[in-house]
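Presented below is the structure to which this report refers.
The values are calculated or read from the model by the stated rules, or taken from the named source; none is laboratory data. Computed from a predicted model, the values in this text were never measured in an experiment. Ideal geometry is used to build each Cβ from the backbone, glycine not excepted, and the neighbour counts take in all protein chains shown.
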């Protein structure tokens, strides 16, 4: 319990250790602590930002979905309109073609009937002439009466 | 004391309380004497503390810390918070906070030497021919007062740095009672008493606690050594185990508390040096 030079030796050691701690221990540890603090703060801020970004993206996605649905509906309505229009046109065209075909057929039939009538007329005239020839063989000269016959033919 | 007869109780205690010195100290104050054992353990534990922490500090990561790094960080944070609350100058804290950390860990380790079996290191030392060894440096008044003296020097340094040399001298003579030439001697005397009382009580508190603790460990060790085959000595031996256990557990608190008190008072005294009366 005596005082001696140990006191001053301890005093010097104290300052050396304190200096060493100040130089090599304290600053790196405090730096690491401060860095971690800012890292955590950044992380929390990033998490907040991500959350608001997510909300924004969700809103944008619903908007896009709604728009897409609307344009799809529009497209379908347009397609339906166009389809019915094409159908109508086709129907009209078909009706027109049928009418034209009928007209043509009727015209053809008329012509054919006319031709048949003419043929028939010729044959009837021939038959009539032949009949008349048989009846009037003796007294009627074909050449003399040709004028009369053609007149008859025109009347048929 | 490897003599034929077993040492008596007083021989045992006084042997354990004798420092390993370069020359035998005869007067109360003798600056040619140095306590080799105290200095050895003090320096060894101090270097252990700062080098382990420096190694950790060099590899400290701002990412996820390991367990050891986290433990050191808890201590550093604790010291940094206390320093921030007591010393208000950020510039001073760059030095004062590391000082407080050093003091806390160093004194804790030196105090913790008390928890080693009281005869373990002295017997090992005796085996290699060193016959005196006190292993608790803080139970050496020189060590405790040396550290409180260092704190006093830091206080004086900051007094001069903050207030200027003239300002500090002015304060020595005008505080606490006031600026009047009749009051100058009283003020100065009060200031001197304050500095001496602070420094002595600072060192003595630590020394006293550890010295008393060490002494009680010795007495408990003697209870254990009383075993001589009789019923009474057997009871003493069992009592020694109980008392040793209880005192060691209690001492875990003491060593931590004393290290913490020394650190806090260091901060408080240095903080006071920053304030004008």
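If I filter the stretch B:225-254 down to residues being more than 28 Å from residue B:209 (Cα to Cα) and outside any helix (DSSP H, G or I), which single residue comes out as nearest to the chain's Cα centre (by Cα)?
Among residues in the stretch B:225-254 that are more than 28 Å from residue B:209 (Cα to Cα) and outside any helix (DSSP H, G or I), the one nearest to the chain's Cα centre (by Cα) is B:227.
How many residues does the stretch B:60-73 contain that are over 29 Å from residue B:155 (Cβ atoms) and facing chain A (nearest Cβ under 7 Å)?
Matching residues across the stretch B:60-73 total 3.
Criterion first (more than 14 Å from chain A (Cβ to nearest Cβ), part of a helix (DSSP H, G or I) and at pLDDT 90 or above) does residue B:159 satisfy it?
yes
Which one of the conditions (1) surrounded by fewer than 16 Cβ atoms within 10 Å (Cβ to Cβ); (2) more than 9 Å from chain A (Cβ to nearest Cβ) does residue B:13 fail to meet, given that it meets all the rest?
Against the list (1) surrounded by fewer than 16 Cβ atoms within 10 Å (Cβ to Cβ); (2) more than 9 Å from chain A (Cβ to nearest Cβ), residue B:13 comes up short only on (1).
Quick one: count up the residues across the stretch A:14-52 that are surrounded by fewer than 16 Cβ atoms within 10 Å (Cβ to Cβ) and either touching a residue at least 12 places away in the same chain (Cβ under 8 Å) or within 7 Å of chain B (Cβ to nearest Cβ) (or both).
Qualifying residue count for the region: 3.
So which residues in the stretch B:23-60 are outside any helix (DSSP H, G or I) and surrounded by 13 or more Cβ atoms within 10 Å (Cβ to Cβ), if there are any at all?
B:25, B:30, B:33, B:34, B:35, B:60
Run residue B:133 past the list (1) part of a helix (DSSP H, G or I); (2) more than 9 Å from chain A (Cβ to nearest Cβ); (3) in contact (Cβ under 8 Å) with a residue 24 or more places away in the chain and report the number of the one that doesn't hold.
For residue B:133, the exception is condition (1).
What are the residues in the stretch A:133-149 that are assigned to a helix (DSSP H, G or I) and either at pLDDT below 70 or surrounded by fewer than 11 Cβ atoms within 10 Å (Cβ to Cβ) (or both), if any?
A:134, A:135, A:142, A:143, A:144, A:147, listed by residue number.
If I ask for residues that are facing chain A (nearest Cβ under 8 Å) and either farther than 28 Å from residue B:270 by Cα or crowded, with 19+ Cβ neighbours inside 10 Å (or both), which ones from the stretch B:74-91 would you list?
B:76, B:80
Just for the stretch B:94-118: of the residues that are surrounded by fewer than 23 Cβ atoms within 10 Å (Cβ to Cβ) and facing chain A (nearest Cβ under 10 Å), which one is farthest from residue B:141 (Cα to Cα)?
B:94
Could you list, in sequence order, all residues of the stretch B:20-58 that are more than 8 Å from every other protein chain (Cβ to nearest Cβ) and either touching a strand residue (DSSP E or B) at 6+ places or on another chain (Cβ under 7 Å) or at pLDDT below 90 (or both)?
B:20, B:22, B:23, B:24, B:26, B:36
Go over the candidates A:79, A:9, A:100 one by one and state the one that is surrounded by 10 or more Cβ atoms within 10 Å (Cβ to Cβ) and either within 14 Å of another protein chain (Cβ to nearest Cβ) or not in a helix (DSSP H, G or I) (or both).
When all the criteria are applied, what remains is A:9.
With the structure loaded, tell me whether residue B:153 is crowded, with 18+ Cβ neighbours inside 10 Å, under 22 Å from residue B:269 (Cα atoms) and at pLDDT 90 or above or whether it fails that test.
When the stated conditions are applied, residue B:153 does not pass them.
In the stretch B:178-218, what residues are without any contact (Cβ under 8 Å) to a residue 24 or more places away in the chain and closer than 29 Å to residue B:12 by Cα?
Selection gives B:208, B:212.
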